[in-house]
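Undergrad: Here's a structure for you.
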Amino acid sequence: MEDSRRTVLTVKDLQISIATGSGELQAVRGVSFHIQEGEALVLVGESGCGKSVTAQTLMRLNPDPPVHIKGGEIRLADIDIVQADERQMQQIRGSLVGMIFQDPMTSLNPTMTVGKQIGETLEIHHKLKRKSRWQKAVELLDAVRIPGAAGRAREYPGAFSGGMRQRALIAAAIACKPKLLIADEPTTALDVTIQAQIIDLLRSIQRENGMSILMITHDLAVAASIAQRIAVMYAGRIVETGTVQQIFNNPQHPYTWGLMNSVPRPDQDKNSELITIGGTPPKLLGPAPGCSFAPRCKYAMRICSSADPEEFEVASGHSCSCWLLHPQAPAAAREVKEAYAIV
Ligand SMILES: Nc1ncnc2c1ncn2[C@@H]1O[C@H](COP(=O)(O)OP(=O)(O)OP(=O)(O)O)[C@@H](O)[C@H]1O
Ligand code: SF4
Ligand SMILES: [Mg+2]
């Protein structure tokens, strides 16, 4: 059935390089994805695979140099983000797209009350009077379920716990009702109970405001708790993308299998060890030809280290870049895939 919702964000063949002392780091190498109105997409992958650089580039937060968009397109609503100048970006940040970061401790100004900080976003975009700004900031703190919001607005961030700071940052990010909320590892610094509460809050914001969410995490369990679709990223590329059901019930990429094996299952003995993916991701300074996962992949074939895997469509909305999906892959390799799919 055709999806009639509008596309809020389209990223096509995005390539980002970073100038470093050791040379050009190809941090993002041809990333494409889209997010529909009211949809949550999660980018999942190991540390250093380019998740944050991708997300920050959507808001053009990185200075060029060293971070340079080498190619590709980013369209947010109908705006060409790659071509936008800094004045346009200032308008877009906060009003069309809001962002929350991993560490709520460093993202708030310790010398300003929480209410004033949230009010500042409203001042930039809505030119509200001081009293109305304050009132709105209190309403927002209440909306992100901070008890006694009116009193809390007068406090400085130092008086807030980690979970409350993250809620305050969410309040600031959604103050102007952006179309897209980018959340970069928003729960990593929090304990498990608070983590679940923040995810629950993000889900209700998405539902109530019809907001789209791009969430970044290295944890597939967190991804499953909020996403409608998941994009698995490895070494600057998206290697598999699909709905949560497609990724969890029928994963196709050996790296996705590795990620799945490292998620604790409810039926698993608490003392049993999780299987982690052996080896380390490649350095992205002049990456080798072929599949970047080949040195760590148990199923690598000869072609894997010489040619970049093509993208294969597994089902509608589910695609994967792995040579195991090629119709001419050895029968043994296909059996490996089928065996995994049944598990
Ligand atoms: N300003 C910078 N200067 C040099 N290298 C950078 C810079 N920003 C990012 N990188 C490098 O680019 C690559 C991608 O980084 P990125 O922060 O996007 O990773 P990530 O997937 O978000 O990882 P994590 O899960 O650890 O946050 C990494 O190799 C990182 O070291
Ligand atoms: S393309 Fe080859 S090396 Fe890469 S994940 Fe698939 S089987 Fe493994
Ligand atoms: Mg990151």
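Any read-out appearing in this document is the output of simple, stated calculations on the displayed coordinates, not a laboratory observation. Please read these numbers as outputs of a predicted model, since none were measured by experiment. A quick note on method: Cβ atoms are made from the backbone with ideal geometry, for glycine too, and the neighbour counts reach across all protein chains shown.
Undergrad: Quote the charge dipole size of the range 5-162 about the Cα centre in Debye, to the nearest 20; the model charges only the Cβ of Lys and Arg (+1) and of Asp and Glu (-1).
TA: It comes to approximately 680 debye.
Undergrad: For the range 184-233, place one equal point scatterer on every Cα, skip the solvent, and apply the Debye formula. What is log10 of I(q)/I(0) at q = 0.15 Å⁻¹?
TA: -0.37
Undergrad: What ratio of Cα Rg to 2.2 N^0.38 Å holds for the range 1-140?
TA: Details: Rg = 17.4 Å, N = 140, 2.2 N^0.38 = 14.4 Å.
In units of the 2.2 N^0.38 Å rule of thumb, it is 1.21.
Undergrad: Students often forget the sequence filter, so: which lysines lie under 20 Å Cα-Cα from Lys12 once same-chain residues fewer than 8 apart are removed?
TA: Lys51, Lys70, Lys179
Undergrad: So what J values fall out for the range 53-69 if you push phi through Karplus, 6.51 cos²θ - 1.76 cosθ + 1.60 with θ = phi - 60°, rounded to Hz, Gly and Pro as x?
TA: 4, 4, 5, 5, 5, 4, 9, 6, 8, 8, x, 10, x, x, 9, 10, 7
Undergrad: Which of the GluC sites (Glu not before Pro) found in the range 1-89 are loop residues per DSSP with 12 or fewer other Cβ atoms within 10 Å of their Cβ?
TA: Numbers: sites: Glu2, Glu24, Glu37, Glu39, Glu46, Glu73, Glu86; in loops: Glu2, Glu37, Glu39, Glu46.
Counting only loop positions with at most 12 other Cβ atoms within 10 Å, the GluC sites (Glu not before Pro) in the range 1-89 are Glu2.
Undergrad: How many percent of DSSP beta bridges within the chain run antiparallel, rounded to 5? Please list the in-between numbers first.
TA: Values: 34 of 53 bridges.
Around 65 percent antiparallel, to the nearest 5.
Undergrad: Another question, if that's okay. So what's the gap between the Cα centers of the range 71-87 and the range 178-251, to the nearest angstrom?
TA: Measuring centre to centre over Cα atoms gives 24 Å.
Undergrad: Net charge near Asp64, counting Lys/Arg +1 and Asp/Glu -1 over other residues with Cβ under 12 Å of its Cβ?
TA: Details: positive: Arg60, Lys70; negative: Glu86.
Result for the neighbourhood of Asp64: +1.
Undergrad: Roughly how many nanometres apart are two label points built 7 Å out from the Cα toward the Cβ at Ala84 and Tyr156?
TA: With each label placed 7 Å out from Cα toward Cβ, I get 3.4 nm.
Undergrad: Something else now. Looking at the range 2-54, which trypsin sites (Lys or Arg not before Pro) are in a loop (DSSP not H, G, I, E or B) and have at most 15 other Cβ atoms within 10 Å? Intermediate values should be presented prior to the final figure.
TA: Numbers: sites: Arg5, Arg6, Lys12, Arg29, Lys51; in loops: Arg5, Arg6.
Qualifying residues, ordered by number: Arg5, Arg6.
Undergrad: Sticking with this one: Taking only Cα atoms, what is the 0 to 90° angle, nearest 10, from helix 162-174's long axis to the longest principal axis of the chain?
TA: Orientation of helix 162-174: about 80 degrees from the principal axis.
Undergrad: If you don't mind, there's one more thing I want to ask. Once you have the Cα-Cα distance between Thr276 and Glu24, take 0.36 nm times their residue separation minus that, and quote the gain in nm to one decimal.
TA: Numbers: separation 252, 0.36 × 252 = 90.72 nm, distance 2.97 nm.
The Thr276-Glu24 span can extend by a further 87.7 nm.
Undergrad: Here's another thing I want to ask about it. For Lys127, list the lysines whose Cα falls under 16 Å from its own Cα; do not include residues on the same chain fewer than 8 positions away.
TA: Within the straight-line cut-off, Lys127 pairs with Lys116, Lys136, Lys177.
Undergrad: A further question follows. So what is the relative contact order for the range 177-319, in percent, with contacts set as C-alpha pairs under 8 Å and at least six apart? Could the numbers behind the result be given before it?
TA: Working: 149 pairs, mean separation 25.0, N = 143.
17 percent.
Undergrad: Here is a follow-up. Find which of Leu61, Ile81, Ile146 sits farthest along the positive direction of the dipole of the range 7-227, computed with +1 on the beta-carbon of Lys and Arg, -1 on that of Asp and Glu, about the Cα centre.
TA: Ile146
Undergrad: Just to be sure I understand: if I project the alpha-carbon convex hull of the chain onto a plane and average over all orientations, what area do I get in nm²? Walk me through the numbers on the way to the answer.
TA: Numbers: hull surface 77.7 nm².
The Cα convex hull of the chain, projected and averaged over all directions, gives 19.4 nm².
Undergrad: Go ahead and run the numbers for FRET between Glu73 and Ser316, Cβ-Cβ distance against an R0 of 22 Å, rounding to 0.05.
TA: Values: r = 23 Å, r/R0 = 1.06.
The pair Glu73/Ser316 has a calculated efficiency of 0.40.
Undergrad: Please name which of Gln91, Pro186, Met215 has its Cα lying farthest along the dipole of the range 7-227 towards the positive end, using unit charges on Cβ (Lys, Arg +1; Asp, Glu -1) and the Cα centre as origin.
TA: Gln91
Undergrad: A further question on this structure: What does the extension gain come out to for Asp64 and Ala307, with contour length at 0.36 nm per residue minus their alpha carbon separation? Let's see the in-between values first.
TA: Working: separation 243, 0.36 × 243 = 87.48 nm, distance 3.11 nm.
Full extension of this stretch gives 84.4 nm more.
Undergrad: In percent, what relative contact order does the range 7-227 have, based on Cα pairs under 8 Å that are 6 or more apart in sequence? Write out the running numbers ahead of the final one.
TA: On the way: 393 pairs, mean separation 59.7, N = 221.
This gives 27 percent for the range 7-227.
Undergrad: Under a point-charge model restricted to the Cβ atoms of Lys and Arg (+1) and Asp and Glu (-1), what is the dipole moment magnitude of the chain relative to its Cα centre, in debye to the nearest 20?
TA: Details: 36 positive and 35 negative charges, 221 e Å.
For this selection, approximately 1060 debye.
Undergrad: Next up: Pulled fully out, how much extra length does the chain show between Thr7 and Met260, if you take 0.36 nm times their separation in residues and subtract their Cα-Cα distance?
TA: Details: separation 253, 0.36 × 253 = 91.08 nm, distance 2.89 nm.
My answer for the length gained is 88.2 nm.
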